[in-house]
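Taken together, the values in this text are just the output of simple stated rules run on the coordinates, not laboratory data. Just so you know, these numbers come straight off a predicted model, no measurement behind them. FYI the Cβ positions are ideal-geometry reconstructions off the backbone, even for glycines, and counts take in every protein chain you see.
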């Protein structure tokens, strides 16, 4: 008898080949908006397996949550120097100009915001506690433990355009989708790619944003699920690497592919608890502690379900698709 499990996550090239029978478990990948998936999991524990915010996972574990567990699979990473938006006519030209400014952020605890605040401190000497934070909408974690935060029901992008806040911290804006001549906003950092490349060279960190989590009842029902998930994600990623997706579509795609893979030693998205990933997770935990979103430093090994040592070390045995 083959057991079936639904996995909810984002629409990425490296998960296209994920669905199938892996180690006797029929994995079915269902695409959704990651932010919606996160909220549904937080509020209703809606999925047996899903992609999840890494910062929110660490925060839940810090608060004693035992109902979900992470597998060392990290399906989404992103540098965060492009998340700071200002008006086109703003006098702000670089992150060092942000001292004392009003910064809007949709969710104070989202991983993108945690990374950005940490980067501002480490790379630019701008401490998050010296900024005036404005949040909107329902917050995933409203317990801020003494952090001074202003809440608003207004749209933060409109607030920025109207000049009522100085900066907006968000992965993307509605303004981005407009023709360049009609845009009212710009990124605070003008040459994002160059800045992020320099950050990676200096700090050795490619920020992990999302992790795959499993509900405790799913682990009890399917003890072999962690191994099946790891194999499925690893082989789907390997398939995308072999195809070199994008190299035949985008001009200079093949050149860019070779350059990026050389920068990341052949694997921009490593899975498992290898040294690189431990360093990145530890850095995010440090930021969460500094930003008063966690109370204690976590044991990284205790955060993850690692059924075999080769997974914990970031190595792969030959996966079985049946």
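GNM, the chain, Cα, under 10 Å: largest mean-square fluctuation among 54, 120, 249?
Maximum fluctuation in the GNM of the chain, among the listed residues, is at 249.
So what's the gap between the Cα centers of region 110-162 and region 170-192, to the nearest angstrom?
One Cα centre to the other: 19 Å.
Strictly greater than 21 Å: what percent of every Cα pair in region 84-203 meets that? Walk me through the numbers before you get to the answer.
Values: 2621 of 7140 pairs.
Counting every Cα pair in region 84-203, those more than 21 Å apart make up 37 percent.
First measure r as the distance between the Cβ atoms of residue 99 and residue 245, then evaluate 1/(1 + (r/R0)^6) with R0 = 35 Å and state the FRET efficiency to the nearest 0.05.
On the way: r = 42 Å, r/R0 = 1.20.
That gives a FRET efficiency of 0.25.
Could you state the number of Å between the C-alpha centres of region 12-58 and region 195-212?
23
Roughly how many Å is it from the Cα centre of region 279-306 to that of region 230-266, as a whole number?
Distance between centres, Cα-based: 29 Å.
If I take every Cα pair under 8 Å that is 6 or more residues apart in region 46-130, average their sequence separation and divide by the length, what percent do I get for the relative contact order?
Working: 41 pairs, mean separation 29.1, N = 85.
Taking the mean separation of contacting Cα pairs over the length of region 46-130, I get 34 percent.
Would you compute, for the Cα atoms of region 153-303, the largest minus smallest coordinate along each principal axis and list the three values in descending order, in whole Å?
Principal extents (Cα only, largest first): 54, 46, 33 Å.
Taking 2.2 N^0.38 Å as the expected size of a compact globular protein, what ratio does the Cα radius of gyration of region 202-248 give against it, to two decimals? The partial results should precede the final answer.
Numbers: Rg = 15.3 Å, N = 47, 2.2 N^0.38 = 9.5 Å.
Taking N as the residue count of region 202-248, the ratio is 1.61.
Just want to confirm a number: the relative contact order over the chain, from Cα pairs under 8 angstrom separated by 6+ residues, in percent. Present the calculation step by step, with values, prior to reporting the outcome.
Values: 534 pairs, mean separation 92.8, N = 322.
This gives 29 percent for the chain.
Under the 0.36 nm per residue contour assumption, what length would be gained going from the current alpha-carbon distance of residue 155 and residue 278 to full extension? Could the numbers behind the result be given before it?
Numbers: separation 123, 0.36 × 123 = 44.28 nm, distance 3.67 nm.
Working it through step by step, the gained length comes to 40.6 nm.
Counting only DSSP beta bridges with both residues in the chain, what percent are antiparallel, rounded to the nearest 5? Numbers along the way, then the final one.
Numbers: 19 of 39 bridges.
Looking only at bridges with both residues in the chain, the antiparallel portion is about 50 percent.
Quick one: if you stick a label point 7 Å off each Cα along the C-beta vector at residue 238 and residue 35, how many nm between them?
It is 3.6 nm.
Compute the convex hull volume of the Cα atoms of the chain, divide it by the residue count, and report the result per residue in Å³ as a whole number. If you can, show how the numbers build up before the last one.
Details: hull volume 44.7 nm³, N = 322.
Roughly 139 Å³ of hull volume per residue.
So, how do all the Cα-to-Cα distances of region 44-102 break down into 5 Å bins, in percent, from 0 on up?
Result, from short to long distances: 4, 11, 19, 16, 9, 11, 12, 11, 7, 1 percent.
What residues from region 93-116 fall in the zone where the backbone N is under 20 Å from a label point 7 Å along the Cα-to-C-beta line of residue 164?
Answer for this model: 101-108.
On full extension of the chain, what length is gained from residue 91 through residue 186, given 0.36 nm per residue of separation minus the C-alpha to C-alpha distance? Walk me through the numbers on the way to the answer.
Details: separation 95, 0.36 × 95 = 34.20 nm, distance 1.18 nm.
33.0 nm is the gain from fully extending residue 91 to residue 186.
In Å, the Kirkwood hydrodynamic radius of region 26-156 over pairs of distinct alpha carbons?
Numbers: mean 1/r = 0.0599 Å⁻¹.
Result for region 26-156, one decimal place: 16.7 Å.
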